[in-house]
Amino acid sequence: MADVAERAGVSAQTVSRVANGSPRVDPATRARVERAMADLGYRMHRAARALRTGQTSTIGLVVSTLATVGNSRMLQAISQAAAERDYALAVVTVGERGIREAFARLRSQGVDGAVVLNEATELARDAEPPADLHLVVVDSPPDPRFSIVQTDHAGGAREATAHLLAAGHDTVHHLAGPAGSFAAAERERGWREALVVAGVTAPEPARGDWSSASGHSAVGRLLGATAIFVANDQMALGALRALSDIGRRVPEDVAVVGFDDIVDAAEFRPPLTTVRQDFDTLGRRAVTALITAIEGGAPVAETVAATLVVRASSAGA
């Protein structure tokens, strides 16, 4: 460490901060120290550091499922962000024994803290988190017990709904996500708010479970719609197929807008207008908030903007 400090022209404490992934280092200084580490072949020994500091430089991820595209994208984003800070990642799913068992498994692995993802956040709010386990929750109402990082779901939904109304549709129907999901509730709230601003009574929404199959089956409850805002892109894919099955053209007969902007959204037929979630930024901010908490910082609440991406599925009425 002394050799690295001398080569980089900094103190040993600064080298320690860089090695431990502390955010309290100027970017230019961090780059200079990392170059010196690379030149000298310096590597931290995780087990030795854990014995000395009582921290393992391992964080956990608690998730209810990885079957949805959004959760898989968040896993990738958090994994990359953790690696950039030289933290390992341990992933646990909430099984039949509940979230307390998931927390127990993480504690047995010696993690320094954990990110709780999407549908698992409701379980985390209802349970009492372990006092010695720092938590960051992705998508949650305010809670003083942990940090919160979330997408502006309601803002994105308002923009999507306003876009469809501006195209000339009298109203916008909604294919909502599952009851109990914070993200689904926020997207439904944004849809309703946009209709209120336009002086339009909200139609009764249909509801799916985030899967393409549920989107396909829900279209039967939206047969009078000329515009549909769908709570995620996977359900929108199922809706597009169902509309094609019954001979309704998109966008000529029905305009469709999704949410997430998954990788293949531009390859749908027609290419899907959707609200883009910035999963990379969500992952980075969640990891930064967690490491800040691990180092003694105060809980934070951050919201990441969502952006409407207009494609062919939402052409004018």
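Looking across the range 215-260 at every residue that is among the polar types (S, T, N, Q) and out of contact with any helix residue (DSSP H, G or I) (no Cβ under 6 Å at 6 or more places or on another chain), the one that is nearest to Ala176 (Cα to Cα) is identified as Asn232. What is the number of the single condition among (1) out of contact with any Asp or Glu (no Cβ under 9 Å at 6 or more places or on another chain); (2) within 26 Å of Leu66 (Cβ to Cβ) that Ala166 does not meet? Here Ala166 clears every test but (2). For beta carbons closer than 6 Å, sequence separation of 6+ or different chains, a first residue in the range 297-317 that is under 17 Å from Arg187 (Cα atoms) and a second that is modelled with pLDDT under 95 and of a type in the set (A, V, I, L, M, F, W, C), the qualifying pairs are Val304/Leu282.
If I filter the range 236-253 down to residues being over 17 Å from Val309 (Cα atoms) and either among the basic types (Lys, Arg) or in contact with a Gly (Cβ under 8 Å, 6 or more places away or on another chain) (or both), which single residue comes out as surrounded by the most Cβ atoms within 10 Å (Cβ to Cβ)? Restricting to residues being over 17 Å from Val309 (Cα atoms) and either among the basic types (Lys, Arg) or in contact with a Gly (Cβ under 8 Å, 6 or more places away or on another chain) (or both), the top hit is Ala239. For Gly247, the criteria (1) part of a loop (DSSP other than H, G, I, E, B); (2) under 21 Å from Asp170 (Cβ atoms) hold in every case but one, which is (2).
The values are calculated or read from the model by the stated rules, or taken from the named source; none is laboratory data. Just so it is clear, the structure is predicted and the values come from calculations on it, not from any experiment. Using ideal geometry, Cβ is built from the backbone for each residue, glycine included, and neighbour counts are taken over all protein chains shown.
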